[in-house]
1. Quick check: pseudo-label points 7 Å beyond the Cα along Cα→Cβ at residue 359 and residue 463, how many nm apart are they?
2. Can you give the FRET efficiency for residue 244 and residue 323, using 1/(1 + (r/R0)^6), R0 = 35 Å, r = Cβ-Cβ distance, to the nearest 0.05?
3. For region 289-391, what is the per residue volume of the convex hull drawn over the alpha-carbon atoms, in cubic angstrom?
4. Measure off 7 Å from each Cα along the Cα-to-Cβ vector at residue 310 and residue 289, then give the distance between these two points in nanometres to one decimal.
5. Given Cα pairs under 8 Å that are at least 6 residues apart, what percent is the relative contact order of region 152-229?
6. Loop-only check: which trypsin sites (Lys or Arg not before Pro) in region 174-232 are DSSP coil with at most 16 other Cβ within 10 angstrom?
7. What do you get for trypsin sites (Lys or Arg not before Pro) in region 237-330 restricted to DSSP loop and a cutoff of at most 13 other Cβ within 10 Å of the site's Cβ?
8. If we restrict to alpha carbons, what Rg and Dmax does region 164-234 come to, in Å?
Amino acid sequence: MFRKLLLPLLISSLFASGVPLYAQDVDEEPAQQTSSSSSGGSFSDMAESVKDFFSGLFSSGNKEVQESDGSKTKETAKAGTDRQAEKTTSSKPRDLGLSVESDVNVTEEDKAAAEAEIAARKAGTLKDDEEDEAVSEDDPVRVLKKKAEQGNVDAQYYLGKAYANGKGVKKDATQAAEWYRKAADGGNVDAQNNLGVAYANGNGVEKSDEEAVYWWQMAADNGNAAAQANLGVAYATGRGVSQNLSKAVNLWRQAAEQDNAQAQYYLGMSYGKDDPRSFKWFKKAAEQDVVKAQTAVGEAYENGIGVTKDEEQAAEWYQKAADQGDAEAQVKLGDCYYYGAGVEKDLAQSAALYRQAADQGNPVAQYNLGVSYWFGSGIAKNYAKAVSYWKKSAQQGNTDAMLNLGIAYNEGGKGVEKNVSYAYVLFNEAASKNTTASEKLQELESSMTVEEINEAQELSIEDIVGKKKVAEKEEEAPKKQAKVGGIQQRSRR
């Protein structure tokens, strides 16, 4: 199929596309920097090969940290923290006019306690204090607030979640952080993790990587898998703590062995997609619906890395991720339909998938859709639209798109008027990464006058395709392009 994007292109989308930092809900030894991998490289070499993945985890708008949902929480530690300086003054939550919802996140234990309290009140064996409002059995949040104000750390944690998610109360990040802090100070590990997430993202508190690490470390020391995964991200990226990839991998392994899906994906990525050992962890994460892991499993089946090559399985996994909107999977599934790999060949379906990914700004999809328009592959032939999509792709540094645009300008009459100066600039820009573009540049230079070359050298790529919209590293170009009637088709991996 088409070809691999550079890892930075894959990873830079993780936080930007909303893959969650986690708030809560092995048969391998931990990799060491001095140990040799099965592929013959040290751990430090392995980490170096995927460093762009790690450096992309804490990007602008980071959502990669995981919030806890409390579903796998061990018994809450009752001892408070000894860091008194960080405690805030307790204050009664504001009356926000509770809007009751049936799906408020409380534990079965808390629900049972609330039901017992309501039953006792109805029976007259338990009466409200004069200053308290009567408890309504239709208002579980009111019961939760009362328990939280009385110091129940689990109730404080769930009340924080209610404010964070707008479940049963008006969404309020500041209130969420305050209740998380109360529960965290009381030893609730899920609250400690979520308070770390609040600091990492600046939700309801001033953003602070150091504070995020402090709370994640506390929760991780008590076995919280989401905090271990998040702390691993911090060590991998050097945010709030000195960068240490070995510690990051060890933390992810601890969380992965507790079945934390995101940590399983990170652990697979720490090996690199070309290492057979990564498949085991990608598969575990994919089976828990981690979208990027599903795409990675598809790649493993497509290329036979860590598993027997199986194009049908590859297409199935790409379909799972594509259905959830993953642009990379949509491109790869589009390739499956374009070539009939693992599915029945369907050019119309291929073009439709490329369009879905192109609409998300994926440069490979934009290039492929341009090719489909140029040749009329599964879509009505339209040279102008082909050029338009190639320009969008070229804005993001895609050298294949630059090559095809250069050919279009050099020949003229299809989508654009002939302009050898534009063709020169486009070939020249792509030449360092694309051998066909280099050959085209040499051919064109031999036919141009000195004046024409000087005129072309006054132009920039932005003059032709517009200002780059995404400052990302350029994707890896194949060594050799297929030559079909000038305009280049795609090359399968």
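Throughout, read-outs are computed from the coordinates displayed, never taken from laboratory work. Everything numeric here is computed off the predicted structure, so don't read it as measured data. Here the Cβ positions follow ideal geometry from the backbone for every residue, glycine too, while neighbour counts run over all protein chains shown.
1. Using points 7 Å along Cα→Cβ, the separation is 3.6 nm.
2. My answer for the efficiency is 0.40.
3. It comes to 80 Å³ per residue, whole-number rounded.
4. For the pair residue 310/residue 289, the computed spacing is 2.3 nm.
5. Computed over region 152-229, the figure is 23 percent.
6. When the trypsin sites (Lys or Arg not before Pro) of region 174-232 are filtered for loop state and at most 16 Cβ neighbours within 10 Å, 207 remain.
7. 309
8. Cα only, region 164-234: 11.4, 33 Å (Rg, Dmax).
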